[in-house]
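Taking it in order: structure first as structure tokens, then the write-up.
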């Protein structure tokens, strides 16, 4: 089992029983206790998990689950594929675009025409690697603190670097879109980076399947009134459509 998969499994165990021991996890995953300690240290750095003597325990807030890029089980995969494919058709030659690490945005390049000429800015290693396969794409990977579980860069260095660019279009994900018209992310460094985009991108499109509507998460990073469009699936309900109309959001349905 890869480290990313193992860490996600440990998070799921913590969500169920709130405490784990090093010995318990070493036996469960058939790995050394030293490896378990390294995994727990990584998780404690990225999540609200506290290291204890001989193990770890869940903090006061629920664990925010960051899905790894290479995790095979992605919820609402069909909808995400359609949304990403539609977004890819919106990328024009000569544009400077930003693609974030959302589970939908990061597969946009799977559907991009091979001869497209553009500049791709990202903070996700896998997006950068995918972009490098296109001969006509220039690729800029943001610096900063690398998050091992998500393979993303973040923090003040990434944010300051992003502020220096002028982008035509940013494609970003949202962990939740609240009935209050706010956009949310589950991870504060991601939220801060997304918030920076509103000052550097001419247009911002949020890619979110209909399951994200009228839900909430930990960190607000913007509002519907700040975006140029929402790309979603046909499952969006009447309540969510009313919310979009109230905030004058251009809703683009991926059929």
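Apply 1/(1 + (r/R0)^6) to the Cβ-Cβ distance of residue 237 and residue 5, taking R0 = 35 Å, and write down the FRET efficiency to the nearest 0.05. Don't jump to the answer; show the numbers that get you there.
Values: r = 34 Å, r/R0 = 0.96.
About 0.55, to the nearest 0.05.
Simple spin-label model, 7 Å along Cα-to-Cβ: residue 203 to residue 218 in nm?
Roughly 3.4 nm, to one decimal.
Between residue 250 and residue 23, take the C-beta separation as r, use R0 = 45 Å, and let me know the FRET efficiency to the nearest 0.05. Don't jump to the answer; show the numbers that get you there.
Working: r = 55 Å, r/R0 = 1.21.
Rounded to the nearest 0.05, the efficiency is 0.25.
Please order 248, 106 by the number of other Cβ within 10 Å, starting at the fewest. Don't skip to the answer; put the middle values down first.
Details: 248 8, 106 24.
So the residues, fewest neighbours to most, are 248, 106.
What is the spread of the Cα atoms of segment 3-58 along each of their three principal axes, largest first, in whole Å?
Principal axes ranked by extent give 25, 23, 20 Å for the Cα atoms.
Rounded to the nearest 5, what % of the DSSP beta bridges within the chain are antiparallel ones? Working shown, then result.
On the way: 17 of 44 bridges.
Taking every DSSP beta bridge with both residues in the chain, the antiparallel ones total about 40 percent.
Given an 8 Å cut-off on Cα distances and at least 6 residues of separation, report the relative contact order of the chain as a percent. Each step should come with its number before you reach the end.
Working: 499 pairs, mean separation 36.4, N = 255.
Averaging sequence separation for qualifying contacts and normalising by length gives 14 percent for the chain.
One quarter of the convex hull surface, Cα atoms only: what value does that give for the chain in nm²? Spell out each step's value before the answer.
Details: hull surface 55.4 nm².
Taking a quarter of the hull surface, the average projection is 13.8 nm².
May I ask you to sort 210, 32, 154, 50 by Cβ crowding, counting other Cβ atoms within 10 Å and putting the fewest first? Intermediate results must be reported in sequence, preceding the final value.
On the way: 210 18, 32 11, 154 22, 50 14.
In order of increasing Cβ crowding within 10 Å: 32, 50, 210, 154.
If you stretched the chain out fully between residue 38 and residue 145, how much longer would it get, using 0.36 nm times the residue separation minus the C-alpha to C-alpha distance?
Numbers: separation 107, 0.36 × 107 = 38.52 nm, distance 1.80 nm.
Full extension of this stretch gives 36.7 nm more.
Could you give the nm distance between label points at residue 226 and residue 136, where each point is 7 Å from its Cα heading toward the beta carbon?
Placing both labels 7 Å beyond Cα along the Cβ direction yields 3.3 nm.
In Å, what is the Rg of the alpha-carbon atoms in segment 146-238, and how long is Dmax?
Looking at segment 146-238, its Cα Rg and Dmax stand at 13.3, 41 Å.
How much length is gained on full extension from residue 163 to residue 90, taking 0.36 nm per residue of separation minus their Cα-Cα distance?
23.9 nm
Which ordering of 246, 192 is given by a fewest-first count of other beta-carbon atoms within 10 Å? Walk me through the intermediate numbers first.
Working: 246 11, 192 17.
Listing 246, 192 from fewest to most nearby Cβ atoms yields 246, 192.
Picking from 55, 178, 102, which is most flexible by a Gaussian network model of the chain using Cα springs under 10 Å?
Among 55, 178, 102, the largest GNM mean-square fluctuation belongs to 55.
Which residue, 208, 126, 101, tops the fluctuation ranking in a GNM of the chain built on C-alpha contacts under 10 Å?
It is 126.
Using only DSSP helix segments of four residues or longer, with each worth -39500 (n - 2.57), what per-residue ellipticity at 222 nm results for the chain after dividing by its residue count and rounding to 500?
Numbers: 8 runs with 83 residues, N = 255.
About -9500 deg cm²/dmol.
Since every read-out is calculated from the coordinates, none of them should be taken as a lab result. Just so we're clear, the structure is a prediction, and the values are computed from it rather than from any experiment. Ideal geometry is used to build each Cβ from the backbone, glycine not excepted, and the neighbour counts take in all protein chains shown.
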